[in-house]
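Peer 1: Following this message is one structure expressed as structure tokens.
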Amino acid sequence: MTSEPHRTAAASRDRVTDPVDARAVAEALKHGPRGALLLAAIAVGLLFIGWLAFYFLLFLPRGSIG
């Protein structure tokens with residue numbers, strides 16, 4: 001064991017980023033959710049297409065029950 005105290009990675013100056021201007025942060029976050037919303041819309045669309053495929057290819061050909 002070493003007698004040195006534990007140091008986190010954030011304590012090292014070379015691991016910490018430079019301060020950022022508030023306007024630059026606001027500009028970067030202005031369009032932030034767009035990619036997540038696009039990804040969610042694609043996932044929901046694929047799920048809906050899969051549901052339609054099951055409905056038309058599996059359930060309808062069986063006909064009515066009873």
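Each value in this text was obtained by applying a stated rule to the coordinates, not by laboratory testing. Just so it is clear, the structure is predicted and the values come from calculations on it, not from any experiment.
Peer 1: For the Cα atoms of the chain, what angle does the longest principal axis make with the long axis of helix 33-54, in degrees from 0 to 90, nearest 10?
Peer 2: So the helix axis and the longest Cα principal axis differ by about 20 degrees.
Peer 1: Restricting to DSSP H runs of at least four residues, report the calculated mean residue ellipticity at 222 nm for the chain, -39500 (n - 2.57) per run over all residues, nearest 500 deg cm²/dmol.
Peer 2: Values: 2 runs with 31 residues, N = 66.
That comes out to -15500 deg cm²/dmol.
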